[in-house]
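As structure tokens, the structure follows; a few thoughts come after it.
The values are calculated or read from the model by the stated rules, or taken from the named source; none is laboratory data. Remember, it's a predicted structure, so these values are computed and weren't measured experimentally. All Cβ positions, glycine included, derive from the backbone under ideal geometry; neighbour counts span all protein chains shown. The accessibility values were calculated without ligands, DNA or RNA, using every heavy atom of the protein model including side chains. Shrake-Rupley method; radii C 1.70, N 1.55, O 1.52, S 1.80 Å.
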Amino acid sequence: MAARAFRDDFVWGTASSAYQIEGAVDVDGKGPSIWDVFVQEEGRIHENRDATVACEFYTRYKDDIRLMKECGMKAYRFSLNWTRILPEGIGRVNEKGIEFYNNVIDELIKNDIEPYITLFHWEFPYALHKKGGWLNDDVVDWFAEYAALVADRFSDRVNKFITINEPQCFIGLGYLKGCNAPGLSCLNADLFQMAHNALKAHGKAVQAIRAHAKQPVEVGFAPTGQISFPETLKPEDIEATRKHLFSCPEGLGNWTWNLAWWMDPVLLGKYPEDGMRMYEKYLPNFTPEDMKLISQPLDFLGQNIYNGEMIRAGKDKPWEIITKCAGFPKTSMNWPVAYECLYWGPKFISERYNHIPIYITENGMACHDTISLDGKVHDPNRIDFLARYLMRLKDAVADGVDVRGYFQWAFTDNFEWAEGYNERFGLVYVDFPTQKRIVKDSAAWYRHVIETNGKEL
Ligand code: GCO
């Protein structure tokens with residue numbers, strides 16, 4: 001058993017995404033993304049909010065980065081708004097957009113915070129959407145052109161890149177369920193084509209980043225998914241749990257919500273057999289060249305883990321999903337508090353994917369945070385949540401899982417997509433009408449965790 005301790009160089013950070021924090025949606029030459037168009041549709045966003053202002057990171061980035069430093073952050077995972085750099089998605093470069101991200105990178109480095117850049121965190125260019133978006137095979141070259149520009153302009157100071165964030169969500173919520181931008185419910189055959197194109201785009205972007213990098217770079221991608229954890233340590237429960245975690249959903253109602261359909265092609269070079277069988281009649285032709293492109297070697301896996309479900313071995317079936325108990329612990333978004341996920345998820349993923357280095361690129365909770373009479377924001381639930389999840393992550397490290405870092409979601413409260421500003425995930429409270437920041441108790445707690453490298457967990 002390895003020492004129950006995080007590596008000495010363990011990366012402690014926090015995360016965000018461009019659209020959720022920047023505001024300035026039509027400033028300094030930025031082009032429209034599908035989200036800028038989607039939020040204008042009545043009823044799409046809670047209280048019909050939009051991200052015109054969000055957290056005003058576009059103008060407040062220096063103060064927020066200084067606050068990150070005060071909170072002890074060692075790294076910051078953020079995304080680039082594709083249309084701030086390429087207003088039409090390809091072609092014309094908006095130098096004001098490049099300048100903004102250069103300033104953010106320089107400010108982070110000045111504050112000894114390592115930048116981790118996500119190229120795509122759902123801000124798809126509306127101009128390319130009108131050309132067919134992910135359904136147009138050209139999207140592979142469009143995304144690679146964007147990735148080459150990013151590497152050209154930023155890789156002299158940034159050497160950690162994540163190509164895409166949560167394809168399960170941007171395809172599943174955007175084009176199957178339609179609750180996220182662009183709000184469509186597409187044909188199954190189109191969905192599988194989009195998914196395949198998104199994975200090919202990921203692969204070509206990996207090639208482009210490496211070809212245009214100004215220094216040795218590390219490239220990964222950041223999927224998500226429902227984690228499975230066993231009811232007991234009985235071998236049959238553990239095996240049933242592993243099978244459930246990497247199974248593809250039966251039926252097509254929510255098929256994108258899984259790990260293997262996305263991670264097996266990228267990390268193993270092939271789609272999972274059960275999915276190939278179940279979805280066969282909707283699948284495009286997967287050529288060997290496609291699978292080679294998709295499975296470009298990666299330096300790390302970013303994994304976004306929030307919660308999951310308890311599994312036991314079935315009596316006359318491979319597994320049984322255990323119904324959550326009455327009054328189960330949950331976040332303000334009604335997501336279960338399921339800290340076993342941060343042990344079993346990394347463990348099972350590491351075993352399946354040849355022990356690839358893992359960063360937890362998102363983990364955190366939404367709470368009903370408010371400003372107390374003392375003017376502070378006390379969030380004991382978030383402290384307890386983070387402590388329990390990190391304790392189990394540390395157990396996974398002790399059991400040999402190569403976890404390189406942890407990015408708490410999120411630094412500030414922000415625009416939570418269709419939930420608008422109704423859900424607060426931040427370590428830092430944002431009073432949106434005034435844009436005042438209030439560091440929550442959890443930020444002070446997390447700073448101590450960082451300073452002590454999680455020794456007391
Ligand atoms: C996601 C996205 C984030 C969310 C966060 C809370 O995982 O859905 O990456 O943008 O805001 O996870 O839902």
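Looking at ASP9, ASP106, ASP26, which is the one that is at negative phi, in a helix (DSSP H, G or I) and either in contact with a Lys or Arg (Cβ under 9 Å, 6 or more places away or on another chain) or more than 15 Å from the ligand (Cβ to nearest atom) (or both)?
ASP106
Would you mind finding the one in THR256, THR232, THR287, THR224 that is within 16 Å of the ligand (Cβ to nearest atom), out of contact with any strand residue (DSSP E or B) (no Cβ under 6 Å at 6 or more places or on another chain) and open to solvent by less than 60 Å² (accessible area, probe 1.4 Å)?
Just a single option satisfies the conditions, and that option is THR256.
So which residues in the stretch 87-103 are part of a loop (DSSP other than H, G, I, E, B), open to solvent by less than 10 Å² (accessible area, probe 1.4 Å) and among the small types (Gly, Ala, Ser)?
GLY89
Please go through the stretch 1-45 and give me each residue that is surrounded by fewer than 17 Cβ atoms within 10 Å (Cβ to Cβ) and either basic (Lys, Arg) or over 21 Å from TYR175 (Cβ atoms) (or both), ordered by number.
The answer is MET1, ALA2, ALA3, ARG4, ALA5, ARG7, ASP8, ASP9, ASP26, VAL27, ASP28, GLY29.
Among the residues of the stretch 113-128, how many are open to solvent by 10 Å² or more (accessible area, probe 1.4 Å), over 19 Å from GLU218 (Cβ atoms) and either in contact with a Leu (Cβ under 6 Å, 6 or more places away or on another chain) or not in a helix (DSSP H, G or I) (or both)?
1
Working carefully through the options THR14, THR59, find the one that is touching a helix residue (DSSP H, G or I) at 6+ places or on another chain (Cβ under 8 Å), among the polar types (S, T, N, Q) and either away from the ligand (no atom under 16 Å from the Cβ) or more than 27 Å from ASP138 (Cα to Cα) (or both).
THR14
If you scan the stretch 238-285, which residues turn out to be part of a helix (DSSP H, G or I), over 17 Å from ILE356 (Cα atoms) and touching a residue at least 60 places away in the same chain (Cβ under 8 Å)?
GLU239, ALA240, THR241, ARG242, LYS243, HIS244, LEU245, TRP261, TYR282
I need the full set of residues from the stretch 295-342 which are of a type in the set (Gly, Ala, Ser) and free of Cβ contacts under 8 Å to residues at least 40 places away in the same chain, in order please.
ALA326, GLY327
Any residue that is open to solvent by less than 10 Å² (accessible area, probe 1.4 Å), within 15 Å of the ligand (Cβ to nearest atom) and outside any loop (DSSP other than H, G, I, E, B) - is there at least one of those in the stretch 429-444?
Yes, the conditions are met somewhere in the stretch 429-444.
Any idea which of GLN207, GLN168 is more than 29 Å from GLU250 (Cβ to Cβ), polar (S, T, N, Q) and at pLDDT 95 or above?
Exactly one of GLN207, GLN168 is more than 29 Å from GLU250 (Cβ to Cβ), polar (S, T, N, Q) and at pLDDT 95 or above, namely GLN207.
Please identify the pairs in which a residue from the stretch 151-174 that is outside any strand (DSSP E or B) has its Cβ atom under 8 Å from the Cβ atom of a residue that is of a type in the set (Ser, Thr, Tyr) and more than 16 Å from the ligand (Cβ to nearest atom), counting only partners at least 6 apart or on another chain.
Hits for this filter: ARG153/TYR101; PHE154/TYR101.
Return only the number of the condition from (1) touching a helix residue (DSSP H, G or I) at 6+ places or on another chain (Cβ under 8 Å); (2) under 29 Å from VAL11 (Cα atoms); (3) part of a strand (DSSP E or B) that GLY302 does not satisfy.
So GLY302 meets the others, but not (1).
Pairs under 7 Å by beta carbon, first residue in contact (Cβ under 8 Å) with a residue 12 or more places away in the chain and charged (D, E, K, R) in the stretch 413-429, partner open to solvent by 30 Å² or more (accessible area, probe 1.4 Å) and within 12 Å of the ligand (Cβ to nearest atom), six or more apart or different chains?
ASP413/ARG424; GLU416/ASN422; GLU423/MET333
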